[in-house]
Amino acid sequence: MPRVSVIMPVYNGAATVAEAIDSALAQSFRGLEVIVVNDGSTDATAEVLRHYAGRISVLDRPNGGIAAARNTGVAASTGEYLAFLDCDDIWMPRMVERAVAALDGNSSCVLAYTNCSVIDSEGRDLRSALIGAGVDHAPTFDEMLSRLWPIMPSAVSMRRSTFDACRGFPEEFRSYGFEDVIFWLRAREQGAFHYDPECLVKWRFSLFPRPIKTGWRRPEAAITFDRILRERYGVGADRLLAARARANRSIFGYIGLRALRDGDRTSAREAFRRALQINPLRIKNLLRYLKTYLPLGMARALSGRTRNET
C-alpha cells in the first residue's frame, strides 16, 4: 500500500499535464501512487494520459470543477498522506520526501507546504520565489483570516485524517481561486502547519503571456467565498479578495519590469497593460506602461530594480 497518494485534477491540460506527471513519477520518495482525475476535458488530455498506462491511475468524470475533481481523486486513493499537484505545475525531485519527513517528524502537524519558484504560462523561469518576507513562516489562524496566505495546492501535503475532518474541498466552487483558501482555513482548525522555505515546486503563473486556465475571477466564486467566511468565521472577504487582485497585479508588474530590463519592450508593455486591467487607477503601472514607449536605455534607467519576490 502506498504511503502517499498524489492527486492531480486536469481539465483541458494537454499542453502541461505530461510534465506534471513526469515530475511526480521522478520523485525520490518511492512509496506513492499517482491518481489523475480527468474532469471532462475536451482537448487531447485523454490521449496524453493514455501514454502513462500502467504507471498512473486515471479517473474520468463529467466536468464538475476543480474542488470536486480533487475530492474524487482522494476518494479513490489509499495513501496515509495526500499530496496535491495541479496539472500545470512541476515538482522538484525531493518534494514528497521532504513533506513526508515533516509530517512523520511532528504528529501535531496536519499539513506541510513549501515555497515555490515562479514560471510563466510557457514554462519560462521568472527568477522569483512566490513567498517572500513577512509571510515566510507557517501561519497562525488569525493571520490566515487577516491576509491572503500564499499556500499553493501543488505545494501541499497533508494527513488523510485532516482531509477527512475538513470534508474535502468545498464543491460550491467550480472554478479556481478560493476553494483552496477555504480548505486551508478548515485544515488550520485541525492543527499546525509546517513551512519549508525551499522552492520545491515550479508554480505556473498561467495568465501570461497567454492564459491557459479558464474560470478565473468569476463573480459567483467571490460571492460564495464571502458567504462562507461570514457564516463560518464572522468576517467578510473584502480584504482577501483585494489581496488576490493585488497578487496578480504585482506578478504582472514584476514580469513587465523583468522584460523591460531584458530589452523586451513588447512583453513589458503587455504585462503592464494586463496589470492596468486589474487596477486602472494605479498610477505606478500606468507610468510603467508609458515608459515602454521611451528609448530602451531611458526606459531601463527609469524602471528601477525588480524585487526577488513577487
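Among the residues of this structure, residue 241 counts as one that is aliphatic (A, V, I, L, M) and in contact with an Asp or Glu (Cβ under 9 Å, 6 or more places away or on another chain).
Going by the structure shown, is residue 169 more than 30 Å from residue 285 (Cα to Cα), of a type in the set (Phe, Trp, Tyr) and modelled with pLDDT of 95 or more? Steps first, answer last, please.
Details: more than 30 Å from residue 285 (Cα to Cα): yes; of a type in the set (Phe, Trp, Tyr): yes; modelled with pLDDT of 95 or more: yes.
For residue 169, the condition - more than 30 Å from residue 285 (Cα to Cα), of a type in the set (Phe, Trp, Tyr) and modelled with pLDDT of 95 or more - is met.
Being crowded, with 17+ Cβ neighbours inside 10 Å, of a type outside the set (Val, Ile, Thr) and over 24 Å from residue 112 (Cα atoms) is a property that does not hold for residue 202.
Considering 43, 60, 39, the condition of being in contact (Cβ under 8 Å) with a residue 12 or more places away in the chain and either crowded, with 23+ Cβ neighbours inside 10 Å or in contact with a Gly (Cβ under 6 Å, 6 or more places away or on another chain) (or both) is satisfied by 39 alone.
Could you check the stretch 249-266 and list, in sequence order, the residues that are touching a helix residue (DSSP H, G or I) at 6+ places or on another chain (Cβ under 6 Å), over 15 Å from residue 297 (Cα atoms) and buried (at least 20 other Cβ atoms within 10 Å of the Cβ)? The answer is 252, 253, 255, 256. Going residue by residue through the stretch 33-56, is there one that turns out to be in a helix (DSSP H, G or I) and under 17 Å from the mean Cα position of the chain (by Cα)? Within the stretch 33-56, not a single residue is in a helix (DSSP H, G or I) and under 17 Å from the mean Cα position of the chain (by Cα).
Being in contact (Cβ under 8 Å) with a residue 24 or more places away in the chain, assigned to a helix (DSSP H, G or I) and not assigned by TED's automatic domain parsing to the domain that holds residue 105 is true for just one of 243, 187, 222. Which residue is that?
Numbers: 187 fails: not assigned by TED's automatic domain parsing to the domain that holds residue 105; 222 fails: not assigned by TED's automatic domain parsing to the domain that holds residue 105.
Result of the check over 243, 187, 222: 243.
Screening the stretch 130-180 for residues that are small (Gly, Ala, Ser) and surrounded by 20 or more Cβ atoms within 10 Å (Cβ to Cβ) and picking the one that is farthest from the chain's Cα centre (by Cα) gives 157. How many of the residues in the stretch 9-32 are part of a helix (DSSP H, G or I), in contact with an Asp or Glu (Cβ under 9 Å, 6 or more places away or on another chain) and either closer than 17 Å to residue 212 by Cα or modelled with pLDDT under 95 (or both)? Matching residues across the stretch 9-32 total 3. If we scan the stretch 195-214, do we find a residue that is over 22 Å from residue 21 (Cα atoms) and assigned to a helix (DSSP H, G or I)? No: zero hits.
Identification of strands (runs of 3 or more DSSP E) wholly contained in the stretch 64-132 with 3 or more residues that are in contact (Cβ under 8 Å) with a residue 40 or more places away in the chain and touching a Pro at 6+ places or on another chain (Cβ under 9 Å) yields 109-120.
Taken together, 188, 227, 124, 218 contain a single residue that is on the phi < 0 side of the Ramachandran plot and surrounded by 17 or more Cβ atoms within 10 Å (Cβ to Cβ), which is 188.
Within the stretch 76-105, restricting attention to residues that are of a type outside the set (A, V, I, L, M) and within 22 Å of residue 149 (Cα to Cα), which residue is surrounded by the fewest Cβ atoms within 10 Å (Cβ to Cβ)? Looking at the filtered set, the residue picked out is 98.
The values are calculated or read from the model by the stated rules, or taken from the named source; none is laboratory data. This is a predicted model, so every value here is computed, not measured. Please note: Cβ atoms are built from the backbone with ideal geometry, for glycine as well, and neighbour counts cover all protein chains shown.
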